[in-house]
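The structure appears right after this line, and notes come after that.
Values quoted throughout were computed directly from the atomic coordinates according to the rules given, and no laboratory measurement underlies them. Worth saying up front: this structure is predicted, and the values here are computed from it rather than measured. Cβ coordinates were reconstructed from backbone atoms using ideal geometry, including for glycine residues, and neighbour counts include every protein chain displayed.
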Amino acid sequence: MAILVLGGAGYIGSHTVYELIDAGRDVVVVDNLLTGFRQAVHPKARFYQADIRDRAAMDKVFEAEDIEGVVHFAASSQVGESMSDPLKYYDNNLYGTTVLLQSMVAHGVKKIVFSSTAATYGEPETVPILESDKTQPTNCYGETKLAMEHMMSWVSKAHGLKYVALRYFNACGAHISGAIGEAHDPETHLVPIILQVPNGQRDHVSIFGDDYPTKDGTCVRDYIHVSDLAQAHILALDYLLRGGDNNVFNLGNGVGFTVKEVIDTARTVTGHPIPAEVSPRRAGDPAQLIASSAKAVEVLGWKPKYNDLGTIISTAWKWHQSHPNGYGEG
Ligand code: UDP
């Protein structure tokens, strides 16, 4: 039987496919390639170019393949864009998941692990954040991901679906082999943007606000290596396949870094001065997001390998130096 990975040509999806294949699993990938890259799909995975909003296409995949579990990454994931184009997020994330679940229910596929986010919490009252803390998103991206979690819960009651929602904090880094890494067009995430400076692709990095209530005024985030996130998906899938019940897990390192600290770490890793300029706040950004991942450690047996930000940024730097244009030419 196979594992179906939706969005398996994207950043976290492609890394998860590599880990699944390394673990000896048979993997089917569906991706519409709007933001993902065909070259990011592991050569041993069977690939279908399709959109999860296309019911007929999804039905075809479930009919052609013997799927025992689904890992769902296929979604739009940029905070800033979700504030300027919220309907894109409702369409891609919520409507897309609706169609996917309709097709899963129709084909009797009942196990799903899916990408959720720290953005479901909004501005936390205390850190580190626990899964039981209140969820009140400050941006539309987080709102659609929280609604996806609720959708799974109702579908579970009605149709016996079992799900695990993984609330990621800030994914970064690249596969240790250097074969795959982060590539978005346009790039909006902090670590790849910082590394564009030493790579000669931009002359400075903008710091979005330095008047937050944090130690240096810039936003605090919990940065977690993408391959550690990928491992958590395999553990969550195994948990469901052993009969585990619906669950939600935070995935982070439990340590917060300010934007300025991330830039400083990248200066050390690359040996480049990386000029930075303060610019206005970005809409929808909470001041501070730090995970407690104790539950994932305890229940799933998750053991993140990369707990040092310098090492995480080194893996990203290796990828961006060898692939300055991501998966594109030159
Ligand atoms: N950020 C920044 N400059 C940039 C990109 C991001 O100052 O060019 C900040 C952003 O405001 C946030 C943090 O870096 O506080 C991480 O942003 P990213 O988009 O990487 O991830 P998010 O936290 O939105 O998931």
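What to note about this one:
- Based on every Cα atom in segment 156-209, Rg and the maximum pairwise Cα distance Dmax equal 17.4, 54 Å.
- Other-chain or far-sequence residues with amide H under 5 Å of V113's (modelled H): V70, V71, H72, V164
- Solution diffusion estimate, µm²/s, Stokes-Einstein, the chain, Kirkwood Rh from C-alpha pairs, 20 °C, viscosity 1.002 mPa s: 108
- Relative packing of 7-19, 290-302, which averages over residues the other C-beta atoms within 10 Å, highest first: 7-19, 290-302
- Converting phi to 3J(HN,Hα) with the Karplus coefficients 6.51, -1.76 and 1.60 and the offset θ = phi - 60°, segment 96-101 yields x, 5, 4, 5, 4, 5 Hz in sequence order, with x at every glycine or proline.
- Seen against the Cα atoms of the chain and their longest principal axis, helix 140-159 is set at about 20 degrees.
- Cα shape, segment 174-330, gyration tensor, a/c 1.5 rule: oblate
- Counting only alpha carbon atoms, the long axis of helix 55-64 and the longest principal axis of the chain meet at about 70°.
- Every pair of different Cα atoms in segment 277-319 enters the Kirkwood calculation, which places the hydrodynamic radius at 13.8 Å.
- The chain, relative contact order in percent, only Cα pairs under 8 angstrom and at least six apart counted: 20
- The Cβ shell under 13 Å around Q196 holds other residues with a net charge of -3, Lys and Arg each +1, Asp and Glu each -1.
- The tail of the calculated P(r) for segment 32-115, taken as Cα-Cα distances beyond 20 Å, holds 36 percent of the pairs.
- Projected label distance in nm at R38 and L241, using a 7 Å step from Cα toward the beta-carbon: 2.9
- Nearest-ten-degree value, helix 309-322 long axis tilted from longest Cα axis of the chain: 80
- Of all DSSP beta bridges confined to the chain, the antiparallel ones make up roughly 5%.
- In terms of packing, defined here as the mean over residues of other Cβ atoms within 10 angstrom, the peptides 182-192, 247-257 line up highest first as 247-257, 182-192.
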